[in-house]
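Quick notes on the structure that follows.
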Ligand code: NDP
């Protein structure tokens with residue numbers, strides 16, 4: 001049978017390119033889990049995805065209720081869940097003030113980490129029941145959360161500290177919207193959320209891999225300087241960033257090629273190792289990359305897991 005893969009945020013950028021690559025392979029039914037149904041429909045049509053190979057389902061990661069509804073709808077569809085790709089993200093580098101999810105969490109960490117954590121934590125049970133030959137949970141990471149890289153050292157750097165803001169639920173009223181309890185900084189909140197994504201991938205691996213056989217993986221697909229992620233950035237940045245990445249840092253990757261990389265992590269029989277953070281070298285060959293000290297801190301991972309379970313109502 002065809003595999004069923006759920007991809008969050010498949011209405012643009014990396015998620016859409018991955019959905020297209022997998023749908024075109026003919027081996028997958030792609031469930032595009034998107035906050036804007038019509039946009040997703042138009043996007044799928046505009047890139048020519050074969051219509052028998054995808055389904056669109058509503059999912060707004062900025063609301064735990066919406067995540068619950070998505071899970072209910074997915075289960076009612078009767079499809080087994082073989083692969084889950086946590087890809088959606090928001091990034092507010094120029095915001096002066098934080099915004100909040102329906103449950104009152106600062107938006108970047110609320111969507112990128114907590115929404116996905118709740119979704120993945122619940123859907124693990126579904127993946128356990130699937131009889132597919134290679135079940136995988138993939139959480140998209142980023143170089144920007146990795147302070148052991150050049151890009152990860154551009155301030156403000158990711159830093160989760162003692163998690164005091166997270167334990168207060170990322171609410172201004174309970175202390176701070178930032179995980180480390182500091183002053184709001186949109187760029188840092190995004191990087192912190194990506195560190196959480198990479199920590200959670202490893203914690204899932206430690207808790208579930210041996211018992212379930214599921215592969216847990218993260219990746220840095222390269223700098224896709226053209227995606228909507230940079231839509232909130234100032235105009236000059238948006239004009240200069242793609243050529244900067246292309247010609248100066250040479251980290252630039254097209255949306256299509258980045259989509260093929262993520263599709264490999266979903267589908268390639270040679271990428272089944274669990275607990276790995278994949279990257280690609282300049283010849284586009286995949287390799288197991290190292291994470292920064294904080295992004296591989298097992299003790300911190302456990303604490304983030306426990307606090308996150310409390311915040312999303314699982315503990
Ligand atoms: P895009 O902004 O193009 O895509 C983000 C997707 O997330 C969109 O489909 C968006 O939906 C969706 N989304 C945002 N908020 C929500 C929500 N509340 N509920 C459901 N979906 C939501 O960015 P990219 O394709 O660049 O980003 C994809 C992933 O790649 C992210 O995890 C990002 O961190 C990662 N990444 C990107 C890099 C880059 O250089 N671009 C580098 C490294 C990692 P909508 O279409 O409705 O806006």
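Coordinate-derived values only; no laboratory data. Nothing here was measured: the structure is a model prediction, and the numbers come from that model. Neighbour counts run over all protein chains shown; Cβ positions are idealised from the backbone, glycine included.
Quick notes on this structure:
- Pairs of Cα atoms farther than 22 Å apart, the range 55-159, %: 41
- Prolate/oblate/rounded label for the chain (Cα gyration tensor, a/c 1.5): rounded
- Comparing 263, 174, 40 in a Gaussian network model of the chain, where Cα atoms under 10 Å apart are tied by springs, the biggest mean-square fluctuation is seen for 174.
- Radius of gyration, Dmax [the range 65-223; alpha carbons; angstrom]: 16.3, 48
- The range 277-300 and the range 2-77 have Cα centres separated by 27 Å.
- Sorted peptide list for 200-210, 68-78, criterion being average Cβ within 10 angstrom, highest first: 200-210, 68-78
- Choice from 123, 14, 137 showing the highest fluctuation, given a GNM over the chain with Cα pairs closer than 10 Å: 123
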